[in-house]
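Visitor: Encoded as structure tokens, here's the structure I'll be asking about.
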Amino acid sequence: MLQKNIASSSLSFGDPILTAVHRALGEIQGNRPFALTGEDGVRFVLALDGSDDHQMAAFVDGFCGGEADLVISGVRARMMKLTPESDDGAVLTPVTSISAGGPDMARVMEIATALKPDAVPSFTPAGRTAGTAVDLAKLAQRIPACLVSRPVEPTDDDETLITVRTEDVEVFRARLAATLKPVSEARVPIADGIASRFVIFRNAIGGIATAVIVGEPDATAPLPVRVHSSCATGDIFGSRRCDCGEQLQLGLHRLEELGGGCLIYLDQEGRGLGLANKMHAYTLQDQGLDTVDANMVLGFHDDERDYHAAGFMLKRLGWERITLLTNNPTKLTGLAAAGIEISDRLPVVTKANADNRRYLETKARRAGHLLGTAGLLETV
Ligand SMILES: Nc1nc2c(ncn2[C@@H]2O[C@H](COP(=O)(O)OP(=O)(O)OP(=O)(O)O)[C@@H](O)[C@H]2O)c(=O)[nH]1
Ligand SMILES: [Zn+2]
């Protein structure tokens, strides 16, 4: 009886799809295996990033009967020319074929992440279930590479493991954004006499996003808005490798000059890759790659962000018509896709310095950022 009541009440504690994906992300963050169910059956999954040799070997032996596959993103496969095909789907290779004496985990890791891996085996298209394992690793901000078992028939034993369905992962991001709710707010005077109010939003799995309302915006005109992705190195420490910290300050000042507006601060560190992967990308950039190729060698898209959360927050605050302060065209299309009407765009161009000049040039040349030439010519 109690079991039945628990089962029927559990729906009161949130969307089961968000719960399932949140739990799987928890398993990745804790370096534990989980089960993924898809059209080709069940695959057990262990994300590589964060797992040690012992855990990987235990997974291949215990969960996969000694025969696992390594799945990596299609982006990395294309960058490293691992397959003849150019499509974007994930690809996999058997790990047991990597070394005759059993899986060599250091080698597996090298194939999944190194800039110049040795003697790479051939890869084949992964299919939807194994491909979803890679998407989940990305959502957990881990390197998009996993060990997966061969597909097995579902059994009751799987219930001891956290289980998630491929279709749940596919709808996760947009659904999660729609659960953001304002939970607290307060007046925060910031540097240079800027008056602001911080409104903190929380989503159904505890993620935070902040709306910084500058001044007293005119409710009848399109709202000046800056949507800023977090950059711990630039925003907090003033890193000269990027323009983020300066853009944050410039954005706040521009909003004040425009008579008030809103800065949406999103937890999208490293263009959505996370801080650890941004450092991996910096290491690759120090070896000669540009910011776009570095992300892609790691298996990510150049930019993994989406703007559902920003759109949802603006609507929740009552602003659907905005003037956007950005140089990035994908923010315009992203916010429009999230239902926001953009009546104008204003640039947020900072001066280049010797450490970020190449980064800014790459953003303009390869990612289409509208930097003009002023910022790039004027070096400080
Ligand atoms: N992966 C990666 N992320 C970076 C690098 N440099 C900066 N970032 C991240 O890039 C993002 C920049 O965010 P924003 O300033 O909001 O966006 P933007 O794409 O530059 O567009 P606008 O500033 O609006 O023109 C932040 O999440 C930074 O952490 C890099 O070399 N690699
Ligand atoms: Zn930055």
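Each reported figure results from applying straightforward, stated rules to the coordinates on display, with no laboratory input. Note that the structure is predicted; figures quoted are calculated from it, not measured. Every residue, glycine among them, receives a Cβ derived from its backbone with ideal geometry; neighbour counts consider all protein chains shown.
Visitor: Can you grab the distance from the C-alpha centre of region 309-328 to the C-alpha centre of region 20-99, Å, no decimals?
Guide: Cα centroid to Cα centroid, the span is 37 Å.
Visitor: Taking the Cα of Leu11, stepping 7 Å toward and past its beta carbon, and measuring to each backbone N in region 144-185: which are under 19 Å?
Guide: It comes to 168, nothing else.
Visitor: Return the subset of Lys138/Lys351; Lys331/Lys351; Lys4/Lys315; Lys81/Lys138; Lys278/Lys315 for which the Cα-Cα distance in this structure is over 27 Å, preserving the input order.
Guide: Lys138/Lys351; Lys4/Lys315; Lys278/Lys315
Visitor: What 222 nm value per residue comes from the helices of the chain, counting each DSSP H run with n ≥ 4 as -39,500 (n - 2.57) and dividing by all residues, nearest 500 deg cm²/dmol?
Guide: The helix contribution divided over the chain gives -10500 deg cm²/dmol.
Visitor: Still on this model: What share of the DSSP beta bridges in the chain is antiparallel, in percent to the nearest 5?
Guide: Among the beta bridges of the chain, antiparallel pairing accounts for roughly 70 percent.
Visitor: Which part of region 41-57 falls in the paramagnetic zone of Glu153, meaning amide N under 14 Å from the point 7 Å along Cα-to-beta-carbon?
Guide: 41-42
Visitor: When the chain is fully extended, how far beyond the present Cα-Cα distance does Glu257 get from Thr124, taking 0.36 nm per residue of separation?
Guide: Taking Glu257 through Thr124 to full extension adds about 42.4 nm, to one decimal.
Visitor: If I take every Cα pair under 8 Å that is 6 or more residues apart in region 2-172, average their sequence separation and divide by the length, what percent do I get for the relative contact order?
Guide: 35
Visitor: For labels at Asp286 and Leu332 in the simple 7 Å Cα→Cβ model, what's the distance in nm?
Guide: Reported label-point gap for Asp286 and Leu332 is 3.7 nm.
Visitor: Using the beta-carbon distance between Ile194 and Ala114 and R0 = 30 Å, what value does 1/(1 + (r/R0)^6) give for FRET efficiency, to the nearest 0.05?
Guide: 0.05
Visitor: Looking at region 284-380, which GluC sites (Glu not before Pro) are DSSP coil and have at most 13 other C-beta atoms within 10 Å of their C-beta?
Guide: Sparse-neighbourhood loop GluC sites (Glu not before Pro): Glu320, Glu378.
Visitor: Put +1 on the Cβ of every Lys and Arg and -1 on every Asp and Glu Cβ in region 2-172; which of Thr129, Ile28, Ser12 then has its Cα farthest towards the positive end of the dipole?
Guide: Projecting each Cα onto the dipole axis, the largest value belongs to Ile28.
Visitor: While we're looking at this one, here's another question. Let's test the formula: R0 of 35 Å, r as the Cβ-Cβ distance of Leu2 and Ile205. What FRET efficiency results, to the nearest 0.05?
Guide: About 0.85, to the nearest 0.05.
Visitor: Spin-label point model (7 Å from Cα, Cβ direction): what's the Ala186 to Tyr359 distance in nm?
Guide: About 3.1 nm, to one decimal.
Visitor: Of the listed peptides 246-252, 343-349, what is their order by residue-averaged count of other C-beta atoms within 10 Å, with the highest listed first?
Guide: Answer by packing, highest mean first, reads 246-252, 343-349.
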